[in-house]
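Here's the structure, in structure tokens; my notes come after.
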Amino acid sequence: MAEAGMTGAAHPDHPDFARLVSEAQVVAYFGYGSLVNRDTLRTKFLAVRRARVSGWRRFWLPRPSVGIALLSVRPEPEHPTDGVVVYDLIDNLGAVDEREAGYDRRTVISSDIAIENDPAPGMPVYIYEATRTEETAADTGSAILQSYLDAVMQGFLAIHGEEGLAGFVSETEGFETIVIKDRAAPRYPRAVRLAEGEAAHFDALLTDRGVIFQPA
């Protein structure tokens, strides 16, 4: 899940994090898509840890209501999925629920999640599951936004390294579909700025995975 010697703290903790945990003012949720990239977070989160859940598989979910596919997870016994656990103020949970509209907030079974350098053992961890899980984007030909993918892939590269990024691409179901090239004029509202070389690297991995790029 991470290189030897790494503590699991993906970003510096808020200085009041430990106190807020002791006062039961903190909530935790598992991010497996755009939430892996800190630059997409819109709440003042307190801490982030690399993590892995077992029993959930990530896939591209067709979302006809918004006209594109988005990432979701569905139960699959013993299947591992890498991501992060975000520790946030409990007062911000409503805003996170709003961001994840169309998803149900579930509680991960404690034995099914491994958190590196766990700062709050025993704290419940939520995961957001789509309300409809029968088909993937590849099944329906639903398109994926390149600007959304950029945010997710940059997050995985930063948090889980090259191995984690490759795992995201290879293990996520439904990639065999269209990717709309909207990088120059992003449609994703939390688009990120890519570092030099990231765009070409991401596109090469996706091409190998079988995506078809389409002009915006």
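The values are calculated or read from the model by the stated rules, or taken from the named source; none is laboratory data. For clarity, every value in this text was computed on a predicted model and none was experimentally measured. Heads up, the Cβs are rebuilt from the backbone with ideal geometry, glycines too, and the neighbour counts pull from every protein chain shown. These accessible areas exclude ligands, DNA and RNA; they are computed on the full protein's heavy atoms, side chains included. Shrake-Rupley method; radii C 1.70, N 1.55, O 1.52, S 1.80 Å.
Details
- A convex hull fitted around the alpha carbon atoms of the range 139-195 yields 81 Å³ per residue.
- Simple point charges give the picture: +1 on the Cβ of Lys and Arg, -1 on the Cβ of Asp and Glu, and for the chain a dipole about the Cα centre of about 520 debye.
- Fraction of accessible area attributable to carbon and sulfur, the chain (%, probe 1.4 Å): 50 percent
- Charging the Cβ of each Asp and Glu at -1 and of each Lys and Arg at +1, and nothing else, the dipole of the range 113-216 about its Cα centre rounds to 520 debye.
- Entry comment: accessible area of the chain is 47 Å² per residue, from protein heavy atoms only and a probe of 1.4 Å.
- Label sites at ASN117 and ARG19, each approximated as a point 7 angstrom past Cα along Cα to Cβ, lie 2.1 nm apart.
- GLU162-GLU98 pseudo-label distance in nm [points 7 Å out on the Cα-to-Cβ vector]: 4.2 nm
- Rg and Dmax of the range 82-204, both derived from C-alpha coordinates alone, stand at 16.1, 44 Å.
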